1. Enumerate the calculated ³J(HN,Hα) couplings along region 49-60 in order (Karplus 6.51 cos²θ - 1.76 cosθ + 1.60, θ = phi - 60°), each rounded to whole Hz, writing x wherever the residue is Gly or Pro.
2. Can you give me the angle between helix 76-95 and the longest principal axis of the chain, using Cα atoms only, in degrees from 0 to 90, rounded to the nearest 10?
3. Two-decimal Rg/Rh of the chain from alpha-carbon positions, Kirkwood Rh?
4. Long-range amide H contacts for T75: which residues qualify at under 5 Å (H placed 1.01 Å from N, peptide plane, sequence gap of 5 or more or a different chain)?
5. Using θ = phi - 60° and the Karplus relation 6.51 cos²θ - 1.76 cosθ + 1.60, list the HN-Hα couplings for region 30-42 in order, rounded to whole Hz, with x at every Gly or Pro.
6. Counting other Cβ atoms within 10 Å, which trypsin sites (Lys or Arg not before Pro) in the chain have at most 12 and lie in a DSSP loop?
7. Under a straight-distance cross-link criterion of Cα-Cα below 23 Å, which lysines are reachable from K34, leaving out those fewer than 8 residues away in the same chain?
Amino acid sequence: MGADEIIHQSTRLRIMAALNTLERREALEFTRLKAIVNVTDGNLGAHIDTLARVGYVDVEKLFVGRRPQTRVKATTAGRRAFRGHVAFLRKLLDQA
């Protein structure tokens, strides 16, 4: 199994790592994920869009009171892809 080119990009790898620490049905609120990954709103939004287009994350937009809230969670396919990419990285490290 090779590198997953979508997840391999460092910001998307950090996003997927953060989401994979959650239970399957849990999601992270956009501002919390932004703080964890340490990127701008626009940068995070673009990377989330890339991950959503390939089916690795689900994005839920809702209102809490009158305030918009965006929540992101890893899909089953995203979790599988992340595990595969981590296995690829471990294999590389074991060969070093």
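1. In residue order, the calculated couplings are 4, 4, 5, 5, 4, 8, x, 8, 9, 10, 10, 10 Hz.
2. Tilt relative to the chain: about 40 degrees.
3. When Rh is taken as the Kirkwood radius, the ratio is 1.01.
4. Under 5 Å from the amide H of T75: V57, D58.
5. Taking θ as phi minus 60°, the curve returns 3, 5, 5, 4, 4, 5, 5, 7, 6, 9, 6, 4, x Hz for region 30-42.
6. Numbers: sites: R12, R14, R24, R25, R32, K34, R53, K61, R66, R71, K73, R79, R80, R83, R90, K91; in loops: R24, R25, R66.
Those that pass, being in a loop and sparsely packed, are R24, R25, R66.
7. K61, K73
Every number in this text was worked out from the coordinates using simple rules, so none of it is lab data. Just so you know, these numbers come straight off a predicted model, no measurement behind them. Cβ atoms come from the backbone with ideal geometry, glycine included; neighbour counts cover every protein chain shown.
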